[in-house]
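Take a look at the structure below.
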Amino acid sequence: MSTRLEKKMEARRQAGRKALFIYITAGATGLEETAETVLEAEKAGADVIELGLPFSDPMADGPVIQAASVSALRNGMTTEKELELVRKLRTRTDIPLIGMGYINPMLHYGFEQYARDFRAAGLDGLIVPDVPHEESAELRAACEKAGLHYAEFITPGTTEARMEKTCAGATGFIYCVSNNGVTGVKSVDYSVIGKVCDRARRLTNTPLAVGFGIGSPEAAVEAAKHADAVICGSAVVSRLQEGKKEEAFALIHDMREALDAAYGKENA
């Protein structure tokens, strides 16, 4: 049976459109407000929510999301409260929810229990950027057993041999990191990751999502050229942290419209 994520990505593919993933840090503005933010992001045009699971040393993230993680932890976010947030959201929306977290809390909780509890709460997948593919077998097995997608990564530096390994068993989507660095809005030459995506296409049918650096509708359109989806995080999170919620949702809306205008079937 297809998962929520697979159904969403296939629906976008059938429509000839690109999917839009929006990253939101769980608890950065409080538990209740995070839930409302997710719902508003969906209304604005998000297809998938990447739910940041706060950690004290988010090594893949730039200053904006690092600061949001600190705010969330100061607000008392814990693994148990993250589970509560996912359960709360599942009473109000079926949007795919992908958790982005770090290995330490998962190891402390226990991989199998973590995957099982978050899947039962309603999470659809996990992104764990501080675990190389070669060291992820135990966590990947726990996710597979629980029915969670486990996101694999490819980057501009990924070799052909390594790409074959990471793409071989990938499900849900593959995270295509646009540049060698951390998250954050920046000027990126998306043709570089575009060539990487083209190579990956020869190895897998799993959807490709480009992330890191996307902060405008124009950047989203450029990043989506060779992929099935784009991921926007820091540009949205910075506005939310500054209390500019309407600007955050307007950005999501504008990205959605730009992607649909550029890649709808009628424009093919």
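The values are calculated or read from the model by the stated rules, or taken from the named source; none is laboratory data. What you see is a predicted model, and the numbers here were worked out from it, not measured in a lab. Every residue, glycine among them, receives a Cβ derived from its backbone with ideal geometry; neighbour counts consider all protein chains shown.
What the table below lists for this structure:
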quantity: Among the residues listed as 220, 224, the single one being small (Gly, Ala, Ser), in a helix (DSSP H, G or I) and within 27 Å of residue 33 (Cβ to Cβ); calculated: 220
quantity: Residue within the stretch 250-264 that is modelled with pLDDT under 95, buried (at least 20 other Cβ atoms within 10 Å of the Cβ) and not in a loop (DSSP other than H, G, I, E, B) present; calculated: no
quantity: Residue in the stretch 68-122 that is nearest to residue 5 (Cα to Cα), counting only those that are of a type in the set (S, T, N, Q) and under 18 Å from the mean Cα position of the chain (by Cα); calculated: 93
quantity: Residue under evaluation residue 15, criteria (1) buried (at least 17 other Cβ atoms within 10 Å of the Cβ); (2) farther than 27 Å from residue 133 by Cα; (3) modelled with pLDDT under 95, criterion not met; calculated: (1)
quantity: Condition check for residue 32: among the acidic types (Asp, Glu) and either surrounded by 15 or more Cβ atoms within 10 Å (Cβ to Cβ) or within 24 Å of residue 131 (Cα to Cα) (or both); calculated: no
quantity: Test for residue 193: is it of a type in the set (A, V, I, L, M, F, W, C), free of Cβ contacts under 8 Å to residues at least 40 places away in the same chain, touching a helix residue (DSSP H, G or I) at 6+ places or on another chain (Cβ under 8 Å) and under 20 Å from residue 51 (Cα atoms); calculated: no
quantity: Pair list, Cβ < 8 Å and 6+ apart or interchain, from the stretch 161-183 residues that are at pLDDT below 85 to residues that are surrounded by fewer than 17 Cβ atoms within 10 Å (Cβ to Cβ) and of a type in the set (D, E, K, R); calculated: 179/186
